1. Condition check: more than 10 Å from the chain's Cα centre (by Cα), over 18 Å from ALA107 (Cα atoms) and hydrophobic (A, V, I, L, M, F, W, C). Does PHE80 satisfy that?
2. Just name the residue that is farthest from LEU48 (Cα to Cα) out of those in region 68-118 that are hydroxyl-bearing (Ser, Thr, Tyr) and either touching a helix residue (DSSP H, G or I) at 6+ places or on another chain (Cβ under 9 Å) or in contact (Cβ under 8 Å) with a residue 24 or more places away in the chain (or both).
3. Going by the structure shown, is SER89 exposed (fewer than 11 other Cβ atoms within 10 Å of the Cβ), at pLDDT below 90 and in a strand (DSSP E or B)?
4. Residue check, LYS61 against (1) closer than 15 Å to LYS103 by Cα; (2) modelled with pLDDT under 90; (3) within 13 Å of the chain's Cα centre (by Cα), all met but one. Which one?
5. Taking the condition in contact with a Pro (Cβ under 8 Å, 6 or more places away or on another chain) and of a type in the set (Val, Ile, Thr), does ILE82 pass?
6. So is GLY50 on the phi > 0 side of the Ramachandran plot and at pLDDT 90 or above or not?
7. Under 6 Å by Cβ, and 6 or more places apart or on different chains, what pairs join a residue from region 50-67 that is assigned to a strand (DSSP E or B) with one that is among the β-branched types (Val, Ile, Thr) and exposed (fewer than 14 other Cβ atoms within 10 Å of the Cβ)?
Amino acid sequence: MILINRLFDDVFTNYDRAFFNEDHSYWRRDTHVRSREHEDSYEYYVPLAGFKKEDIKVTIKGDEALVQAKKDENTAAYSFLIPEDGDLSRLSANHEDGLLTVKIEKAEKAKAIEVKIK
């Protein structure tokens, strides 16, 4: 019963966000966003062909990154979850050739440390 209530709440809460705020990111979560984990960072790749960097806005809300792009009549919105060990103070984004790359450095405590054996 709890699962049904949560599903019902999620659908209608996010429907309200999409309808009233024109925030469609929940419905596109991870659909086209690709990611790669490196030893010291995470990278997310968001396809935004036809948009310039001035048309793109990246917002962090809690543990979620929202990417919104708007140019004339064209809009795009995506979201992805930020890993718990991501360091938001060292976040960067780059837009090149229609691809937005968001890089999140790992927190120092999450990085692998090699221990030398004596």
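The values are calculated or read from the model by the stated rules, or taken from the named source; none is laboratory data. Given the structure is predicted, the values throughout are model-derived calculations rather than measurements. Note that we place each Cβ from the backbone using ideal geometry, even for glycine, and neighbour counts take in every protein chain shown.
1. Details: more than 10 Å from the chain's Cα centre (by Cα): no; over 18 Å from ALA107 (Cα atoms): yes; hydrophobic (A, V, I, L, M, F, W, C): yes.
No: the conditions fail for PHE80.
2. Of all residues in region 68-118, those hydroxyl-bearing (Ser, Thr, Tyr) come to 75, 78-79, 89, 92, 101.
Restricting the remaining residues to those that are either touching a helix residue (DSSP H, G or I) at 6+ places or on another chain (Cβ under 9 Å) or in contact (Cβ under 8 Å) with a residue 24 or more places away in the chain (or both) gives 75, 78-79, 101.
Values: THR75: 10, TYR78: 10, SER79: 13, THR101: 10 Å.
Among them, the one singled out is SER79.
3. In short, yes.
4. Single failed check for LYS61: (1).
5. Values: in contact with a Pro (Cβ under 8 Å, 6 or more places away or on another chain): no; of a type in the set (Val, Ile, Thr): yes.
When the stated conditions are applied, ILE82 does not pass them.
6. Yes; evaluated as a whole, the condition is true for this residue.
7. That search, which allows pairs on different chains as well, returns LEU66/THR59.
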